[in-house]
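Below: the structure, in structure tokens.
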Amino acid sequence: MNAPLDPKRTVAELKELRRLTSDENGAQRVAFTKTWLDARAWLRRKLEALPAEVHADEAGNLWATLRGRSEKSLLIGGHMDSVPNGGWLDGCLNVLAGVEVLRRISAEFGGNPPVTVRLVDWADEEGARFGKSLFGSSACAGTLDMGEARALRDKDGVALPDALREVGIDFEGVKRSGRELANAAAYIELHIEQGPVLLDLGLPLGAVLGTYGVERHAVTFRGQAAHSGSTPMNRRRDAFLAAARMSPEIYAIAQRNGGVCTIGSCTTKPGIVTSVVEECRITLDQRHLDPAALARMLLEAREAAARFGAEGNVEVSWDRIWQIEPIPFDGALISLCEDSIREASGSSHRLPSGPLHDAAEVSRAGVPTVMMFVQSLRGISHNKIEDTREEHLELCVRAFDLLASKTMAWVVGGH
Ligand SMILES: [Zn+2]
């Protein structure tokens, strides 16, 4: 058997999977559902042709292991699960490109490569049912908050531990999956970009620098309700005015610091047409790859809110909703990723990832990690119109395969 890499086969398999697990509204491979189990069974059949050991770990992640001459492992990751009405590429492109890379490596080294190569299909990356993404990878990385996860319920009131029991997973034991990372020397993941950056640059592929850190806060401005007719403009304590001045300000903050800021919601009380707003609550989401810049963006937003509050005689209070630090990928692997992209397509670009990915969890667990992005048409994902040009799909499999080879050599070289 000496089959070279066949990227067209990956595209054909993606279409086959789409036929099996999508309906007129898009992909329906929501984790722990029958369709997801069907997709997994289909994947297992694809893996049967390889001399790889296949097993599921305690968190429901599926591993295919091609034993090498060294126990040190190159991990290749992806996720078969989708959001409801999802696209045909998010997650499964990574897995199926990984299958193709395994085939090539197995053929090239007669089933016995210099290092162990492992494909992992993470369980419930999307968190579509329970609202907690990166379930399988965070359990494996040891960062899953067990108390929080134990209490999660889906919209029908089913608790996460009960849903897991249905598919044979003991919730209390999910972190035992962490042993899978024992010999992990590097982790690589291919993904569609899910944004418009590469599209706007006219580039097919990019090397990912890491995932953004996030600061997510609710900011409440408190003034005083007053009659809209009898209160002169100079006597108002208008909570909405102070909050509204934050809107242009966050664009300036994002521009000064090179990150992104979003006011995603705004609610007012009493919220009637005849009253000055007494209380205005906005949510602010700030993201940056650099921790110092992220901290600066938050500080500048706090200072601006305090200033607008003082100027309008309005009180301001902050509540943190959620926060995660930026997760930078491995510098050496980023360089290998760029080399691979340049070899395959001529030019490369480095970009951060706005969305979180399983790769971030693996990186947090201390495994050198990098991701490769392929251009998304329209910059759209989590939607049935999600798409990537077929020639770009083939190109990304080729570039990703080069990255696998370079990373194996890097692992052999003692990293
Ligand atoms: Zn994904």
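The values are calculated or read from the model by the stated rules, or taken from the named source; none is laboratory data. Treat the numbers as computed from the prediction; the structure is a model and nothing was measured. In this analysis, Cβ positions are derived from the backbone assuming ideal geometry, glycine residues included, and neighbour counts consider all displayed protein chains. Surface areas here come from the heavy atoms of the whole protein model, side chains and all, with no ligands, DNA or RNA. Shrake-Rupley method; radii C 1.70, N 1.55, O 1.52, S 1.80 Å.
Details
- Restricting region 27-51 to residues that are in a loop (DSSP other than H, G, I, E, B) and under 18 Å from Asp170 (Cα atoms) leaves a set whose member that is most open to solvent (accessible area, probe 1.4 Å) is Thr33.
- Restricting region 375-389 to residues that are open to solvent by less than 10 Å² (accessible area, probe 1.4 Å) and closer than 17 Å to Val95 by Cβ, the residue that is nearest to the chain's Cα centre (by Cα): Glu386
- Here Arg237 meets the list (1) open to solvent by 40 Å² or more (accessible area, probe 1.4 Å); (2) within 28 Å of Met371 (Cα to Cα) almost entirely, failing just condition (2).
Results for (1) among the β-branched types (Val, Ile, Thr); (2) open to solvent by less than 40 Å² (accessible area, probe 1.4 Å); (3) over 17 Å from the mean Cα position of the chain (by Cα), shown as yes or no for each residue.
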{"residue": "Val362", "(1), (2), (3)": "yes, yes, no"}
{"residue": "Gly366", "(1), (2), (3)": "no, no, yes"}
{"residue": "Phe373", "(1), (2), (3)": "no, yes, no"}
{"residue": "Cys396", "(1), (2), (3)": "no, yes, yes"}
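- Breaking point among (1) open to solvent by 20 Å² or more (accessible area, probe 1.4 Å); (2) aliphatic (A, V, I, L, M); (3) outside any helix (DSSP H, G or I); (4) within 24 Å of Ile192 (Cα to Cα), for Val54: (4)
- Leu134 vs. criteria of a type in the set (A, V, I, L, M) and at positive phi: yes
- Every condition in (1) on the phi > 0 side of the Ramachandran plot; (2) at pLDDT 95 or above; (3) within 16 Å of the ligand (Cβ to nearest atom) holds for Gly142 except the one numbered (3).
- For region 102-129, taking the residues that are among the aliphatic types (A, V, I, L, M) and in a loop (DSSP other than H, G, I, E, B), the one that is nearest to the ligand (Cβ to nearest atom) is identified as Ala128.
- Annotation: Asp330 fulfils all but one of (1) surrounded by 15 or more Cβ atoms within 10 Å (Cβ to Cβ); (2) charged (D, E, K, R); (3) farther than 20 Å from Val120 by Cβ; the unmet one is (3).
- Residue list for region 179-197, restricted to those being open to solvent by less than 20 Å² (accessible area, probe 1.4 Å) and either free of Cβ contacts under 8 Å to residues at least 24 places away in the same chain or within 16 Å of the ligand (Cβ to nearest atom) (or both): Tyr187, Ile188, Glu189, Leu190, His191, Ile192, Glu193, Gly195
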